[in-house]
Every structure is written in C-alpha cells, then in structure tokens.
Amino acid sequence: MMGRMIAVEKNIHQERYNPTFIFLVMMMAGFGIAVLYSGSLHYAERFFGDPLYFVIRQLRNLLAGAAGLLFFAFFSFDRLRKLLPLILIGCFIFLLLPLIPGIASPRNGASRWIAIRGFSVQPSEFIKLFLVLFLANFFDKKAERLDAPLIAILPPFFITAVFVLLVYLENDFSSSAFLMMIFMIMFFAAGGPILWFIKGLIVIIPCSVLMVVTSTYRMKRVLSFISPNFDPLDTSYQINAALEALASGGLHGTGLGNGVHKISSVPEIYSDFIFVAWAEEAGFLGVCMYLALLLAFTAAAYRIAFTSSSRFGCYLAFGAASAITLQSFLNLGVVVHLLPATGIPLPFFSFGGSSLITTLCLCGLIINVSHYSKRSLFDV
C-alpha cells in the first residue's frame, strides 16, 4: 500500500527535486574543497612535496561521493527497502574486516581501516548511512507498535548495539558513540515512548563511562579536556594549538592562505581540525558564514523531511540530516574546547574519502525524499 502511494505521488511530483537543497550541497562541497586547499597547502608541501596532495585526492573522493549521491537520489526506495536484509548481513561482514589481520590497516593503535587497491576505507563511516536507512525502514513498519518493546524497540536497539560493539572493538569509541546517538535521535523522532528513551539512557551512559575509564588513552583525553595543561606535550598539545589559532583569527582573520598555525602548530590540521585553518584565516566573520551555511543546509534538509508525503521518507531525511548536522556540531565542539577530542571529522571539509562519500550519499537520500515532498521550498 505504501509503495503504491509513493508511486502515485512520484508521478505527480516528478519535477520536485529540491533545487535549494541541491545548491546548498554543492556549496558545502565546494566550500570544503577550498578550505582544505588553504588549510593543507603548506603541510602537503612540507611532507609530500606537493601542495595539492590532499586536494587532488579529495577531488577523487568527491567524484566517488557524487556518484553515490546520484545513486541514492534516483534509486527506487521500494527496491532499496527490499535489499535491506542483504545489506544488513553485508554490513556485519564489512565491520568485521578491520579486525582481521592482513586485511586491517592499523593507524595510531586503532584498527578502523582496511586497504583496498591502495585506498584506505573506514567501514564505520558507511555504517552511519546504513543505520539511518535501517532505522527509518524499521520504525516506519512498526510505527503502530511502538508501545510493544519486544517487537518495535528491542530489535533495532540490539542490532544497533552490535554495530556499536564492533566499531568499539576497532578502538573507535567516538564513532561507536555516534551510532548510538543516531539510534536515540531517530527513536525519539519516530515517537518512541519517553520512558524507553530514559531507560536507554540509563543503560548507555554507564556503558559509555565504563568504556572511557577502562582506556588510558581516553582518560588522558578527558583529563586534558578538563585541564588543558594536564599533558601539554601530548594529548593537550593539539587542542591548545587549535585554541591559539582560533584566537589569532580575530574578527576578519589573517587572510586566506596567510594562516601560520596550520604550518606547524596544529598536528594533522587537514583532518579533524580543518576548521581551525578556516577560523584563523577568515576570523569570526568567516566562522559566522560557515554556521549560516550549515544552518541553511540543515533547515532545507529538515524542511524536506517534514514535508515528505510518506512516513518512511520523513524518518529517512530526518535521520540523514541529523547525522550530518550532529557530526558537524560535535566536530566544532571539539575545536572550540566544548567537548573532549573525539576524532570525528567535519562533514564536507575534513580530508578523507569514507567520510565525504558517506556524507554525500546521505545527501542523495535527502534529495530522493524531496522527490516525494508535498510542497517544494519554492512553493508560495
């Protein structure tokens, strides 16, 4: 019945792909490449002898992400939902690969990546995409049974918990916690009972604390967050350097390409701390410009979700938009020292193929949902 309804509405709204959201996605992607170029220029020249080292590779990632966006923007939701059981099995296998010696590509004590034909792939990034799809489908099908925990609450929670555990075993606490955040957000948005939401927090919070206190490295990060001078030559160094760079930006910034902290002060500034380079060179006004663009992107995505003609589309667009926006604010929270260092990249901006491709695929899902919207942003 739902598939027939969607098919009819698709014929009615064939021209309704949301141009505003598509434009904002292009703006975010282009903005991200420009900031990466400015932020990584000197680092790439110093360590790789090529100032375009990161930009060229990110452009390749962008092309792959654009292909993923087009696929999810045009692929039939009916077919996609039928394939979810097979995709679920594939995701479990995919997450196990970084734990297998010989396939895993460990870095800095973490086994988050696998090497495929010279490329490093981080499975936990792509699991975000599948989890949004899986939860939107499940909560749509069980929307009338959310008061029955054995049917509508515990199954998706345990499946999410398995994903979380596998990612945690890869020594990636931040990504595992993020997956659980996605579950909680989508569960709440789907109208899950508040009591079960609270019960979930009662289970999740102690488990998260246990995961932190049982790891020396994570405890050092927390202590460095509480006291920036706790370990100034190790865990506190990066965040202290980032704060110094942010302060040096002032109102107008030092000018594009003129940042000095990105050259040697902030380690791996091209990755999780790429926003530091932009804030130093563009200043407070540049930060406000980015926030305005991010909020416009989020508002357009949520508008698509709330005007969707199907419950599944609403859940899907809401989950995809929430994943991108939440990850963005978590990254910014780390950069400005509101949160402990997490290792979560900034969507569209941080160097990394897995993150960029996943972000663009999520955008493709939102664009697909806009095809079935009751009302376009340009309707008056």
Could you point to the residue in 247, 158, 343 farthest towards the positive end of the chain's charge dipole, with +1 and -1 charges on the Cβ of Lys/Arg and Asp/Glu respectively? 158
In degrees, nearest ten, helix 274-306 long axis to first principal axis of the chain (Cα): 0 degrees
Computed label-point distance, nm, for sites residue 158 and residue 45 using a 7 Å Cα→Cβ extension: 5.8 nm
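List the trypsin sites (Lys or Arg not before Pro) in the stretch 68-175 that DSSP assigns to loop (not H, G, I, E or B) and whose Cβ has at most 10 other Cβ atoms within 10 Å. Which are they?
Numbers: sites: 79, 81, 82, 107, 112, 117, 128, 141, 142, 145; in loops: 112, 117, 142.
For trypsin sites (Lys or Arg not before Pro) across the stretch 68-175 that sit outside H, G, I, E and B with at most 10 neighbouring Cβ atoms in 10 Å, the list reads 117.
How do 303, 311 line up, fewest other C-beta atoms within 10 Å first? Provide the component values of the computation, followed by the final result.
Numbers: 303 20, 311 15.
Final ranking by Cβ density, sparse to dense: 311, 303.
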Under the rule of at least 5 residues apart or a separate chain, name every residue whose amide H is placed under 5 Å from the amide H of residue 373. 309
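Counting other C-beta atoms within 10 Å, which of 275, 157 has the fewest, and how do the rest follow? Present the calculation step by step, with values, prior to reporting the outcome.
Numbers: 275 25, 157 19.
Ranked by crowding around the Cβ, least crowded first: 157, 275.
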Per residue and in cubic angstrom, what volume does the convex hull of the Cα atoms of the chain have? 146 Å³
Compute the long axis of helix 154-169 from its Cα atoms, compare it with the longest principal axis of the Cα atoms of the chain, and write down the angle in degrees, 0 to 90, nearest 10. 20 degrees
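Based on other C-beta atoms within 10 Å, arrange 309, 224 from fewest to most. Display every interim value, and only then the final one.
Numbers: 309 19, 224 23.
Fewest-to-most Cβ neighbours within 10 Å comes out as 309, 224.
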Looking at the chain, how many pairs of lysines come closer than 28 Å at the Cα, when each pair is eight or more places apart or spans two chains? 19
To the nearest 10 degrees, how steep is helix 194-213 against the longest Cα principal axis of the chain, on a 0 to 90 scale? 30 degrees
Would you calculate, for the chain, the mean residue ellipticity at 222 nm contributed by helices, counting each DSSP H stretch of 4 or more residues as -39,500 (n - 2.57) and dividing by all residues, to the nearest 500? -23500 deg cm²/dmol
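Using Cα-Cα distances under 8 Å and only pairs 6 or more residues apart, what relative contact order does the chain have, in percent? The partial results should precede the final answer.
Details: 540 pairs, mean separation 106.8, N = 380.
About 28 percent, as a whole number.
Any read-out appearing in this document is the output of simple, stated calculations on the displayed coordinates, not a laboratory observation. What you see is a predicted model, and the numbers here were worked out from it, not measured in a lab. Note that each Cβ is placed from the backbone with ideal geometry, even for glycine, and that neighbours are counted across all protein chains shown.
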